Amino acid sequence: MRRRLVAGNWKMHGSRAVNLALLSSLKRSIVPIDGLGVAVCAPFPYLSQVADSLRGSSLVWGAQDLSEHDVGPYTGEVSGPMLADFGCAYVLVGHSERRVLHGETDRQIAAKFGAAQRAGLIPVLCVGETLEQRDGGEMQAVLRRQVDAVLKASGVAAFRRAVVAYEPVWAIGTGRTATPAQAQAAHLHLRSLVAAQDAGLAAELTIVYGGSVKPGNAKEIFSMPDVDGGLIGGASLVAEDFTAICSAAAAAQKQE
Ligand code: PGA
């Protein structure tokens with residue numbers, strides 16, 4: 001059975017006091033189950049607070065970005081080995097806000113994916129099309145281009161220790177969610193891109209959905225056969241909502 005993952009992406013939100021309350025609540029309310037990982041991805045300054053708070057719990061943590069370089073004169077950057085030094089498990093790579101606001105290219109994102117794996121971290125490769133691209137019938141081609149960049153740089157075997165997140169740009173933070181059928185179609189396409197090179201590996205690959213997942217729609221989306229959990233933005237900042245979304249993933253896991 002494929003592993004499921006629910007990862008919270010706090011983006012640029014939080015303070016020490018707010019994080020403490022949120023994490024304590026999550027530790028109390030999230031029930032660990034086999035085959036489902038739960039992670040929170042916090043801003044860099046808070047990672048050590050999150051690491052300390054989650055130690056000994058079933059939750060793990062991740063970062064939202066990393067440098068493609070391991071060490072050197074890269075002011076303002078944070079490397080994979082630094083994150084690993086603190087016990088980081090996951091790192092988001094190529095989130096659409098990085099692609100759009102920071103001009104990250106497919107090549108750079110593929111390099112970051114490689115850097116994460118060199119450091120022993122699990123990259124969560126974020127891919128997704130804009131509304132314009134979807135309306136232009138380019139969804140499949142865009143996802144292919146984004147995945148191909150990593151396949152070319154790292155090879156298909158690299159996906160053995162990676163997660164893919166399908167995040168249609170038009171659904172992120174907009175309240176507009178992909179329908180379960182739209183998510184399923186995109187996830188199936190993503191799986192087929194990897195399956196073309198290694199069918200066994202593709203069958204095991206965790207592909208999560210992100211984009212306005214809320215307690216009210218999580219169950220439906222997670223019940224799709226190729227949707228293995230979620231990358232949760234806004235709702236990950238509210239303990240009850242994130243807990244409810246994790247429960248929906250746990251229920252989907254048990255049903256399999
Ligand atoms: P959202 O964000 O859940 O607030 O839409 C998802 C993401 O950007 O990872």
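For the reader, a short list of remarks on this structure follows.
- Matching helices (runs of 4 or more DSSP H) fully within region 189-256 where at least 1 residues are touching a strand residue (DSSP E or B) at 6+ places or on another chain (Cβ under 6 Å), in contact (Cβ under 8 Å) with a residue 12 or more places away in the chain and within 16 Å of the ligand (Cβ to nearest atom): 215-222, 239-255
- Hey, Glu129 within 16 Å of the ligand (Cβ to nearest atom), touching a residue at least 60 places away in the same chain (Cβ under 8 Å) and of a type outside the set (Val, Ile, Thr) or not: no
- Of all residue pairs spaced 6 or more apart or on separate chains, those with beta-carbon atoms under 9 Å, a first member in region 13-36 that is part of a helix (DSSP H, G or I) and of a type in the set (Ser, Thr, Tyr) and a second member that is modelled with pLDDT of 95 or more and surrounded by fewer than 16 Cβ atoms within 10 Å (Cβ to Cβ) are Ser25/Glu240; Ser29/Glu240.
- Some residue of region 63-73 being of a type outside the set (Lys, Arg), in a helix (DSSP H, G or I) and surrounded by 14 or more Cβ atoms within 10 Å (Cβ to Cβ): no
- Hey, Ala39 more than 16 Å from Val163 (Cβ to Cβ), out of contact with any Pro (no Cβ under 8 Å at 6 or more places or on another chain) and either away from the ligand (no atom under 16 Å from the Cβ) or not in a helix (DSSP H, G or I) (or both) or not: no
- Tally, over region 152-184, of residues that are in a helix (DSSP H, G or I) and in contact with a Cys (Cβ under 6 Å, 6 or more places away or on another chain): 0
- Among the residues of region 140-158, those that are crowded, with 20+ Cβ neighbours inside 10 Å and either closer than 26 Å to Lys219 by Cα or within 16 Å of the ligand (Cβ to nearest atom) (or both) comprise Leu143, Gln146.
- Single residue of region 168-184 satisfying the filter (away from the ligand (no atom under 11 Å from the Cβ) and surrounded by fewer than 17 Cβ atoms within 10 Å (Cβ to Cβ)) that is nearest to Glu132 (Cα to Cα): Thr179
- The set of residues in region 1-36 being within 30 Å of Gly200 (Cα to Cα), out of contact with any Gly (no Cβ under 9 Å at 6 or more places or on another chain) and within 15 Å of the ligand (Cβ to nearest atom) is empty.
- Filtered residues of region 149-190 (kept if modelled with pLDDT of 95 or more and of a type in the set (Phe, Trp, Tyr)): Phe159, Tyr166
- A single member of Ala141, Ala149 is more than 21 Å from Val213 (Cβ to Cβ), without any contact (Cβ under 8 Å) to a residue 24 or more places away in the chain and in a helix (DSSP H, G or I), and it is Ala141.
- There is at least one residue in region 43-56 that is surrounded by fewer than 14 Cβ atoms within 10 Å (Cβ to Cβ), outside any strand (DSSP E or B) and on the phi > 0 side of the Ramachandran plot.
- Restricting attention to region 74-86, the residues that are surrounded by fewer than 24 Cβ atoms within 10 Å (Cβ to Cβ) and under 18 Å from Val163 (Cα atoms) add up to 1.
The values are calculated or read from the model by the stated rules, or taken from the named source; none is laboratory data. All figures in this text were calculated on a predicted structure; none of them were measured in a lab. Glycine also receives a Cβ, built like all others from the backbone with ideal geometry; neighbour counts cover every protein chain displayed.
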